[in-house]
Amino acid sequence: MPEIAGRAAGIALVAGGATAHAAIVARSLGVPMVCGLGEAILDVDPEAVVLLDGEQGEVVLDPPASSIARAKTMMQTGGKADIRDQAERELPSITRDGRMVTVLVNAASVEEIQLALSYGAAGVGLVRTELAFLHAPHWPDAAAHRAAVAPLLAALGDRPAVVRVLDLGADKSPPFVAPAVGRGLELLLAERRGFEQQLRGLLPLGADHDLRLMLPLVAGSDQMREARALIDDVVAELGCAPVPIGAMVETPAATADAAGLAAESAFLSIGTNDLTATTLGEDRFGGSVGPSHHPEVLRGIAATVAAARTARIRVEVCGEAASTPLMTPLLVGIGVDELSVGAARVGTVRRWIRAMDHGELADLAQRALALDTAEEVAALIENTQLDLSEG
Ligand code: PEP
Ligand code: MG
C-alpha cells in the first residue's frame with residue numbers, strides 16, 4: 001500500500017471505510033482516497049477525466065471546467081499552507097492561553113517520519129509494526145522485527161518513539177495468523193512465542209533510543225498485568241533496561257477500567273478508530289464509520305483522560321479523530337496531552353493548536369459531554385467560531 005500510495009495522485013476503491021488501514025496509510029501520505037464506490041467504478045474508461053475529492057468523499061466523472069478550476073485552486077491553497085506549515089515547524093504547539101499539546105506522528109515508514117519532521121512533529125506516537133508483516137508466511141523472528149523498526153528510530157534521532165507491538169487480526173491478518181484467535185493483545189498472549197520474538201527484537205533498541213512500547217486493544221488491567229509479566233521476563237532474559245509500557249484504550253470495557261489500566265501503565269493511548277466502532281457497535285472494516293464525536297465516545301475518552309490525570313501519567317490520542325476539525329478541539333478541551341496524527345496532518349494540527357484557547361475548549365467539551373447525540377455535538381462545534389481552516 002505505501003508503494004501504491006507513493007506513486008498515485010489519488011485512489012478510488014470499490015469497498016472499504018475511512019478508518020480501514022488502507023485509508024489511514026493514504027491519508028498519512030497525503031494521497032486523496034475515496035472508498036466504498038461500488039463495482040461501477042471499475043467500469044470507468046481509463047482515458048476518462050476524473051475529479052477525486054478525498055475531503056468530500058466524492059468522485060466526479062468528466063467534471064465541468066469550473067469544477068476543475070476550483071479543484072486546482074484548492075490544491076494550490078493546500079500547497080501554500082504546506083509551505084507555511086513547514087516554515088513554522090520550530091514554533092511550539094501551545095494554545096493561545098499557554099497549554100502545550102504535543103503533536104506526534106503515526107508512522108510505519110522512514111518517508112512518513114521525514115515528512116512529519118518537516119512539519120515539526122515532536123516524535124512518533126504510533127508505529128503500526130504489523131504493517132511490515134502483512135504478507136509474511138511465518139511469524140517474524142527477532143531479527144526481522146529489529147530490522148523493521150531500527151531505521152524508523154534512526155530517522156528520529158533522540159525524539160521519542162511509541163512502538164506498538166503487533167496488532168493482528170481483522171483487516172491485518174497475515175497468513176501466519178490462525179483465524180478466530182481474536183485481535184490485538186489477546187492474540188499476542190495466545191501466541192506467546194511470536195510475541196516474545198518481537199520483544200527480543202525491540203527491547204534492546206531502547207539502549208540507544210527513546211523507545212516506549214504500547215500494547216493494542218488491551219481488555220483491562222488484568223490482561224495488562226499478564227502482558228507486563230511476560231515483558232519483564234524477556235527484559236530479565238536479555239539483561240536489558242526496561243522501557244516504558246503503555247496501554248491502548250480502544251473499547252468500552254477498557255474505558256470502564258481506565259483507572260486500573262492507568263495504574264498498570266506508563267502512559268495511555270486512546271485509539272479512537274476502534275473505540276468509536278466498539279462503542280457504537282459498528283463494523284469499522286466493513287465500511288461503516290461512526291462519528292467519534294458521539295457523546296458516548298467522548299465520555300469514554302474523558303473517563304480515560306481523568307484516570308490518566310489521577311495516576312499522573314500522560315495520555316495521547318492516536319486515532320484518525322486526532323486530526324479532524326470537529327474532534328481535535330474537543331480532544332484538546334477534554335485535556336489530552338498528545339495528539340498523534342498522519343504525517344500529512346502534522347503541520348495543520350500544530351497550526352490549529354496555536355489558534356486555540358484551551359480554557360474556551362474545556363468549557364465547550366464539558367457542554368459536548370452533556371449532550372445526547374452526535375448531531376448536537378456537531379452543531380455545537382460548527383456554531384462555535386474556531387479558526388481551524390485546512391489551508
Ligand atoms: C485506533 O484504533 O484508533 C488505532 C490508532 O489503532 P488502529 O487504527 O491501528 O487499529
Ligand atoms: Mg486500534
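The values are calculated or read from the model by the stated rules, or taken from the named source; none is laboratory data. If you're wondering where the values come from, they're calculated on a predicted model, not measured in any experiment. So basically every Cβ, Gly included, is an ideal-geometry build from the backbone, and we count neighbours across all protein chains shown. Areas reflect the complete protein model, heavy atoms only, side chains present, ligands, DNA and RNA absent. Shrake-Rupley method; radii C 1.70, N 1.55, O 1.52, S 1.80 Å.
Using +1 on the beta carbon of Lys and Arg, -1 on that of Asp and Glu, and nothing else charged, what's the dipole of the range 3-63 about the Cα centre, debye to 20? The partial results should precede the final answer.
Numbers: 2 positive and 9 negative charges, 75 e Å.
Computed about the Cα centre, the dipole is about 360 debye.
What distance in nm separates the two pseudo spin-label positions at Glu376 and Ala263, each 7 Å out from Cα along the beta-carbon direction?
Distance between the two pseudo-spin positions: 3.4 nm.
Can you tell me the FRET efficiency between Asp141 and Glu296 if r is taken as the Cβ-Cβ distance and R0 is 35 Å, rounded to the nearest 0.05? Before the final figure, lay out the partial values.
Numbers: r = 42 Å, r/R0 = 1.20.
Efficiency at R0 = 35 Å is approximately 0.25.
For the chain, I need the span (max minus min coordinate) of the C-alpha atoms along each principal axis, in Å, sorted largest to smallest.
Its Cα atoms span 66, 49, 41 Å along the three principal axes.
Please list 3J(HN,Hα) in residue order for the range 193-208, calculated via the Karplus relation 6.51 cos²θ - 1.76 cosθ + 1.60 where θ = phi - 60°; whole Hz, with x for glycine and proline.
3J(HN,Hα) across the range 193-208, in whole Hz: 5, x, 5, 4, 4, 5, 5, 5, x, 8, 4, x, 5, x, 5, 10.
Taking all protein chains as present, what is the carbon and sulfur share of the accessible area of the chain, in % to the nearest whole number, probe 1.4 Å?
Carbon and sulfur together cover 54 percent of it.
Can you tell me which of Arg89, Arg284, Arg312 moves the most in a GNM of the chain? Springs connect C-alpha atoms under 10 Å apart.
Arg312
Determine the per residue accessible area of the chain with all protein chains present and a 1.4 angstrom probe, expressed in square angstrom. Provide the component values of the computation, followed by the final result.
Values: 16940 Å² over 391 residues.
About 43 Å² of surface per residue is accessible.
Counting only helical runs of four or more DSSP H residues, what would the 222 nm mean residue ellipticity of the chain come to if each run contributes -39,500 (n - 2.57) and the total is spread over all its residues? All intermediate terms of the calculation are to be shown ahead of the outcome.
On the way: 16 runs with 174 residues, N = 391.
Roughly -13500 deg cm²/dmol at 222 nm, from the helical runs in the chain.
So if we plug the beta-carbon distance of Gln385 and Asp43 into 1/(1 + (r/R0)^6) with R0 = 45 Å, what FRET efficiency do we get, rounded to 0.05? Show your work: numbers first, answer last.
Details: r = 45 Å, r/R0 = 0.99.
So the FRET efficiency works out to roughly 0.50.
Between rounded, prolate and oblate, where does the range 257-384 land on the alpha carbon gyration tensor, with a ≥ b ≥ c its root eigenvalues, rounded for a/c under 1.5, else prolate if a/b exceeds b/c? Walk me through the intermediate numbers first.
On the way: a/c = 1.24, a/b = 1.08, b/c = 1.15.
Rounded, since a/c falls under 1.5.
Near Val249, within a Cβ-to-Cβ distance under 11 Å, what is the net charge of the other residues, with Lys and Arg +1 and Asp and Glu -1?
Working: positive: none; negative: Glu250, Asp257, Asp274, Glu316.
Charge balance in the 11 Å sphere: -4.
So if R0 is 25 Å, what FRET efficiency would Ala71 and Ser118 give, r being the distance between their Cβ atoms, rounded to the nearest 0.05? Write out the running numbers ahead of the final one.
Values: r = 25 Å, r/R0 = 0.99.
My answer for the efficiency is 0.50.
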